[in-house]
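Notes for the one structure printed next.
The values are calculated or read from the model by the stated rules, or taken from the named source; none is laboratory data. In this text, all values refer to a predicted model and were calculated from it rather than measured experimentally. All Cβ positions, glycine included, derive from the backbone under ideal geometry; neighbour counts span all protein chains shown.
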Amino acid sequence: METEFTPVASLFGGGLIGLSAVVLLAAHGRIAGISGIVSRILPPSVDKAGLPQGIIFLIGLLLAAPLWLVLTGAAPVQMVSSNGLLLVIAGLLVGFGSVMGNGCTSGHGVCGISRGSARSIAATMTFMATAFVTVFVLRHVVGG
Amino acid sequence: MHVFSTLFAGLLFGTGLILSGMANPAKVQNFLDLFGTWDPSLAFVMGGAIMVTMPGFWLVQKRITPLFHDVFHLPTRTDFDARLVVGAATFGIGWGLGGFCPGPALTSLPLAASGTLFFVPAMLVGMVIAKYTAAPLPKSLAV
């Protein structure tokens, strides 16, 4: 299904994500990588020192959509596949892969690239490549 | 201030994801669909974010310590290993399949779309499995 190209909203939204990462680094010296923040508070090795800050950051993240609804009067627009099996597989791969690869779109894609990290640049190129291939197969080979 | 800054950062991050359209998996998948209904918006999201983080990080790191802590917790590894590449490749496949990565999926959780309610618990399980299968990970996990 087509979605509207939104260069201005996307640029400003991206700017807010960047600002969040700068605030987190300035205040707490932490990288705003969501997979890292989440996985650090999961077993088996819970980072007790970082636990409160991690949970507070996630509460902020979870409050964004309800606040958006209150301020704009409309829920954020989204189209999520209702194929439960597909999304369980996708979730497992995203969770497993982001922890194994030490980062996701935010940690490697935004923060890592900004720091000029060669590891993050390699990781971003790798996950972009497999994601492009996956969507091609999903939409034009399997679904075509 | 300490707690507020963290809460504010989380709220900013989620709001940015919503405003940018990245909380909509269809928009992410359309970015990845070069030969179909291509929507280049995601490139503008990354561009907008990096335009702020690049100068922002540089400025922040002129300080010796962060505002509320003694040290910066920055990743220090520079080596390439199989875990980085295999992990990233696996992550990319899941990202393409669902159109969700961790931030947007968690931001979408209160909207309670059925697909999100399948994705998020599976993602958390995937993370725990990866932690169990890994050798003790260095602090730089927090990339």
Practice item. Within the stretch B:11-21, identify whether any single residue is facing chain A (nearest Cβ under 7 Å) and farther than 25 Å from A:Met128 by Cα, and answer yes or no. Key: yes
Study note, to complete from the structure: Taking the stretch B:57-91 and keeping residues under 30 Å from B:Asn30 (Cα atoms) and not hydrophobic (A, V, I, L, M, F, W, C) leaves B:Arg83, B:Gly87, B:Thr90
Practice item. Consider only pairs whose beta carbons are under 8 Å apart and that are at least six residues apart or on different chains; among these, list those whose first residue lies in the stretch B:1-30 and is on the phi > 0 side of the Ramachandran plot and whose second residue is of a type in the set (Gly, Ala, Ser) and surrounded by 24 or more Cβ atoms within 10 Å (Cβ to Cβ). Key: B:Gly21/A:Ser10; B:Gly21/A:Gly13; B:Gly21/B:Ser41
Check your understanding: Is one or more of the residues making up the stretch B:56-73 over 22 Å from B:Gly16 (Cβ atoms), of a type in the set (Val, Ile, Thr) and not in a loop (DSSP other than H, G, I, E, B)?
Key -> no
Exercise for review: Please list, ordered by first then second residue, the pairs with beta carbon atoms under 7 Å, 6 or more apart or interchain, first in the stretch A:68-87 and under 21 Å from B:Gly10 (Cα atoms), second at pLDDT 95 or above and among the β-branched types (Val, Ile, Thr).
Suggested key: A:Trp68/B:Thr15; A:Trp68/B:Ile18; A:Pro76/B:Ile18
Review point. Under the condition of being surrounded by fewer than 23 Cβ atoms within 10 Å (Cβ to Cβ), of a type outside the set (Ser, Thr, Tyr) and facing chain B (nearest Cβ under 7 Å), which residue from the stretch A:96-128 is farthest from B:Ile129 (Cα to Cα)?
Key: A:Arg115
Review point. Within the set of pairs 6 or more residues apart or between chains, which connect a residue that is closer than 13 Å to B:Asn30 by Cβ inside the stretch A:126-144 to a residue that is part of a helix (DSSP H, G or I) with Cβ atoms less than 6 Å apart?
Key: A:Ala131/B:Gly92; A:Ala131/B:Trp95; A:Ala131/B:Gly96; A:Val135/B:Gln29; A:Val135/B:Gly96
Check your understanding: Which of the residues that make up the stretch A:23-42 are within 16 Å of the chain's Cα centre (by Cα) and assigned to a helix (DSSP H, G or I)?
Key -> A:Leu24, A:Ile34, A:Ser35, A:Gly36, A:Ile37, A:Val38, A:Ser39, A:Arg40
Review point. Restricting attention to the stretch A:39-62, does a residue exist that is facing another protein chain (nearest Cβ under 7 Å), closer than 22 Å to B:Met54 by Cα, touching a residue at least 60 places away in the same chain (Cβ under 8 Å) and buried (at least 24 other Cβ atoms within 10 Å of the Cβ)?
Key: no
Review point. For A:Ala75, all conditions in the list (1) in a loop (DSSP other than H, G, I, E, B); (2) among the aliphatic types (A, V, I, L, M); (3) surrounded by 24 or more Cβ atoms within 10 Å (Cβ to Cβ) hold save one; what is the number of the exception?
Key: (3)
Exercise for review: Determine which member of the set B:Ala26, B:Ala88, B:Ala113 is at the interface with chain A (Cβ under 7 Å from one of its Cβ atoms), modelled with pLDDT of 95 or more, closer than 23 Å to A:Ser39 by Cβ and surrounded by 15 or more Cβ atoms within 10 Å (Cβ to Cβ).
Suggested key: B:Ala88
Check your understanding: Which of the residues belonging to the stretch B:101-110 are more than 7 Å from chain A (Cβ to nearest Cβ) and touching a Phe, Trp or Tyr at 6+ places or on another chain (Cβ under 6 Å)?
Key -> B:Ala105
Exercise for review: Kindly check whether there is at least one residue in the stretch B:85-99 that is under 16 Å from the mean Cα position of the chain (by Cα), within 22 Å of A:Leu63 (Cα to Cα) and part of a helix (DSSP H, G or I).
Suggested key: no
Check your understanding: Is it true that some residue in the stretch A:79-102 is outside any helix (DSSP H, G or I) and among the aliphatic types (A, V, I, L, M)?
Key -> yes
